[in-house]
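Trainee: Just dropping this structure here.
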Amino acid sequence: MTRKVALFAFNGDQMCFVHVLLNSLDMADRGYDVKLVIEGSATGLIPRFSDPAEPFKALYSRVLSEGLIDSACKACCSKMGTLGSAREQGIRLSFDMSGHPSIARYIEDGYEIMTF
């Protein structure tokens with residue numbers, strides 16, 4: 001059985017988010033079913049990591065192109081002013097729990113939860 005892990009990135013610190021990206025790729029490379037959910041202040045990083053001048057753009061682009069980003073929090077993107085950027089990048093907006101992604105839904109789908 002494939003191991004299923006949902007990584008919830010809440011922290012808006014750039015280096016913390018980079019480690020979430022690295023772990024997402026590492027787990028996927030090892031055959032895990034990985035879903036990255038961008039939440040909280042981390043939603044503020046969405047436009048930054050798509051900027052060509054961003055040193056970690058290639059890493060972010062790989063995670064995005066491999067389909068590892070499952071969704072971003074609609075409420076937090078709205079609060080952080082990044083809804084447009086998330087939509088432009090094709091990131092699904094999740095809002096099933098009062099405007100936020102539901103961790104319980106991922107647990108019910110068999111995912112282990114990791115928060116950053």
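Trainee: How high is the FRET efficiency between Arg87 and Arg3 when r is their beta carbon distance and R₀ equals 35 Å, given to the nearest 0.05?
Mentor: Working: r = 31 Å, r/R0 = 0.88.
Once rounded, the FRET efficiency stands at 0.70.
Trainee: Same structure again: Positive end of the dipole of segment 4-115, charges at C-beta (+1 Lys, Arg; -1 Asp, Glu), about the Cα centre: which of Ile69, His19, Phe49 has its Cα farthest in that direction?
Mentor: Phe49
Trainee: Which ³J(HN,Hα) values in Hz, rounded to whole numbers, follow from the phi angles of segment 24-32 under the Karplus curve 6.51 cos²θ - 1.76 cosθ + 1.60, where θ = phi - 60° and Gly and Pro get x?
Mentor: Each residue of segment 24-32 in turn: 4, 5, 4, 5, 4, 4, 8, x, 6 Hz.
Trainee: If you filter segment 15-106 for chymotrypsin sites (Phe, Trp or Tyr not before Pro), then keep DSSP loop positions with at most 11 other Cβ within 10 Å, what is left?
Mentor: Qualifying residues, ordered by number: none.
Trainee: Out of residues 5 or more away from Ala72 or on other chains, whose amide H comes under 5 Å of its own, with H placed 1.01 Å from N in the peptide plane?
Mentor: Result for Ala72 returns Ile38, Arg92, Leu93, Ser94.
Trainee: Indicate the gyration tensor shape class of segment 14-69 (rounded, prolate or oblate), computed on the Cα atoms with a ≥ b ≥ c the square roots of the eigenvalues: a/c under 1.5 is rounded; otherwise a/b larger than b/c is prolate and the rest oblate.
Mentor: On the way: a/c = 1.95, a/b = 1.47, b/c = 1.32.
The shape class here is prolate.
Trainee: Go through the cysteines of the chain and tell me which have no other cysteine Cβ under 4.7 Å away.
Mentor: Cysteines lacking a close Cβ partner in the chain: Cys16, Cys77.
Trainee: Another question about this same structure. What is the gain in length, in nm to one decimal, between Ile113 and Ser50 on full extension, counting 0.36 nm per residue of separation less the C-alpha to C-alpha distance?
Mentor: Working: separation 63, 0.36 × 63 = 22.68 nm, distance 2.58 nm.
Full extension from Ile113 to Ser50 adds 20.1 nm.
Trainee: So what is the 222 nm mean residue ellipticity for the chain from helices alone, if each DSSP H run of at least 4 adds -39500 (n - 2.57) and you divide by all residues, rounding to the nearest 500 deg cm²/dmol?
Mentor: Working: 6 runs with 49 residues, N = 116.
It comes out at -11500 deg cm²/dmol, rounded to the nearest 500.
Trainee: Stokes-Einstein diffusion coefficient for the chain at 4 °C in a medium of 1.567 mPa s, Rh from the Kirkwood formula over Cα pairs: what value in µm²/s?
Mentor: So the translational diffusion coefficient is about 93 µm²/s.
Trainee: Sticking with this structure for a sec: Can you give the charge dipole size of the chain about its Cα centre, rounded to the nearest 20 debye, using +1 on the beta carbon of Lys and Arg and -1 on the beta carbon of Asp and Glu?
Mentor: 160 debye
Trainee: Right, something else. Could you go through segment 91-107 in sequence order and give the Karplus-derived ³J(HN,Hα) for each residue, using 6.51 cos²θ - 1.76 cosθ + 1.60 with θ = phi - 60°, rounded to whole Hz, and x for Gly and Pro?
Mentor: With coefficients 6.51, -1.76 and 1.60, one gets 7, 5, 9, 10, 8, 6, 10, 6, x, 10, x, 8, 5, 4, 4, 5, 4 Hz.
Bear in mind that the values in this text are calculations on the coordinates, not laboratory data. Just so we're clear, the structure is a prediction, and the values are computed from it rather than from any experiment. A quick note on method: Cβ atoms are made from the backbone with ideal geometry, for glycine too, and the neighbour counts reach across all protein chains shown.
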